[in-house]
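The values are calculated or read from the model by the stated rules, or taken from the named source; none is laboratory data. None of these values were measured; they are calculated from a predicted model. Here the Cβ positions follow ideal geometry from the backbone for every residue, glycine too, while neighbour counts run over all protein chains shown. Keep in mind that these areas ignore ligands, DNA and RNA; they rest on the heavy atoms of the full protein, side chains included. Shrake-Rupley method; radii C 1.70, N 1.55, O 1.52, S 1.80 Å.
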Amino acid sequence: MDLGAYRWGMNPPPLTTLDLPDQLGRTWLITGATSGIGEELALAVAAAGGTVVAPARNRERAASLVAAAGKGAGRLETPHMDLADLASVRRFADSLTTDIDVLINNAGVVSPRRRETADGFEMLLGTNFLGPFALTNLVAHRVRERIVITGSDSYKVGRVDLDDPHFRARRWNPMSAYAQSKLCDMLWARALQERLGSRALVTLAHPGWAATGIQNVTGSKLLDRAIVVVTSPFSQSAADGARPLAEAALGDLAPLSYVGPDGFMKWKGRPEVQSVSPRGTSATSAEEVWALGVRETGTDLA
Ligand SMILES: NC(=O)c1ccc[n+]([C@@H]2O[C@H](COP(=O)([O-])OP(=O)(O)OC[C@H]3O[C@@H](n4cnc5c(N)ncnc54)[C@H](OP(=O)(O)O)[C@@H]3O)[C@@H](O)[C@H]2O)c1
């Protein structure tokens, strides 16, 4: 175990290095690669010789990612895309000229207060589900192999309110909004696989409890740091959190396999395939969530 980069309360030490098999000649589209588990995965793919298209909303963080990849074996590019802005998602999709072997829908947010996207969507639903839904529909014809959707076990307490998905009438709180967005992700995967058939495999992953930027949710840096310190015994590093994504992307898996860490409460550990409760597999709910995505984004799959 290499403790070199470990600072107490900042990021638990990785149990293992994220070493991927040779990715030379293969192209990955990874969202949310400027931080956390997406960054770890993107760097691992580039180090394994793959080409990484990592659309990013923040120029500085994009530059840091490119610098971190250095002059490794693969190529890494960071075109602009903000998932909280459908026009930006469309511009990125229109600009894409390469085929994609693996699409990793990973970007996600939590917020301490209710906010809206450029299109007036509740921010968590817009960023964690509607933006990725639109992106995937717009680039699906370019995906040759697999689409991974990053879910979360919080789907287990999620409820999709089809009458008020944006919390305009009901009371907003971060947990309800996050759990709704992640339940949408779980159900969307099912409806997506239904439509793609044998054209591409759809899998799901969750990182357990990974020490990443998404833990900075309170709006107070001090409180965020305190939470990270107190919870660090239960969480794992971003690199270990990325391992379920890597397995979901490369493992020999059945359609809609859900990969997460195998340890206590599924918070940390080595990747394993986990069951999804009926809430996350309902065919009726999946079709309702697909219809919600189509209605809100104006995108669909042929
Ligand atoms: N960490 C956990 O314990 C945990 C548990 C369950 C599920 N997850 C899921 O894992 C995924 C990755 O999260 P993380 O933990 O690695 O968090 P993170 O460190 O905060 O990374 C989130 C990534 O998403 C990007 N992003 C956010 N909003 C975006 C937008 N509007 N447009 C484009 N990119 C956007 C961020 O970009 P910026 O750098 O510009 O902010 C960042 O690269 C998320 O889907 C999250 O819900 C995480």
Within the range 196-248, residues being among the aliphatic types (A, V, I, L, M), within 14 Å of the ligand (Cβ to nearest atom) and in a helix (DSSP H, G or I) number 9
Of those in the range 232-269 that are touching a residue at least 60 places away in the same chain (Cβ under 8 Å), among the charged types (D, E, K, R) and within 21 Å of Ala48 (Cα to Cα), the residue least open to solvent (accessible area, probe 1.4 Å) is Asp240
Report whether or not Thr117 is modelled with pLDDT of 95 or more, within 15 Å of the ligand (Cβ to nearest atom) and within 21 Å of Ala42 (Cβ to Cβ). no
If you go through the range 270-302 one residue at a time, how many are of a type in the set (Phe, Trp, Tyr) and open to solvent by 70 Å² or more (accessible area, probe 1.4 Å)? 0
Condition check for Thr98: open to solvent by 20 Å² or more (accessible area, probe 1.4 Å), over 13 Å from the mean Cα position of the chain (by Cα) and β-branched (Val, Ile, Thr): yes
Is at least one residue of the range 190-197 modelled with pLDDT of 95 or more and more than 21 Å from Asn106 (Cα to Cα)? yes
Leading residue by the ranking (modelled with the lowest pLDDT) among those in the range 58-110 that are out of contact with any helix residue (DSSP H, G or I) (no Cβ under 8 Å at 6 or more places or on another chain) and either among the basic types (Lys, Arg) or on the phi > 0 side of the Ramachandran plot (or both): Lys71
Residue among Val157, Val110, Val89, Val148 that alone is of a type in the set (A, V, I, L, M, F, W, C), more than 10 Å from the ligand (Cβ to nearest atom) and crowded, with 17+ Cβ neighbours inside 10 Å: Val148
Contact list please: Cβ distance under 8 Å, first residue in the range 200-227 and farther than 18 Å from Ala239 by Cβ, second residue of a type in the set (Asp, Glu) and away from the ligand (no atom under 14 Å from the Cβ), pairs at least six apart or on different chains. Ala200/Glu145; Leu201/Glu145
Take the residues of the range 166-181 that are open to solvent by less than 10 Å² (accessible area, probe 1.4 Å) and out of contact with any Lys or Arg (no Cβ under 8 Å at 6 or more places or on another chain): which is nearest to the ligand (Cβ to nearest atom)? Ser181
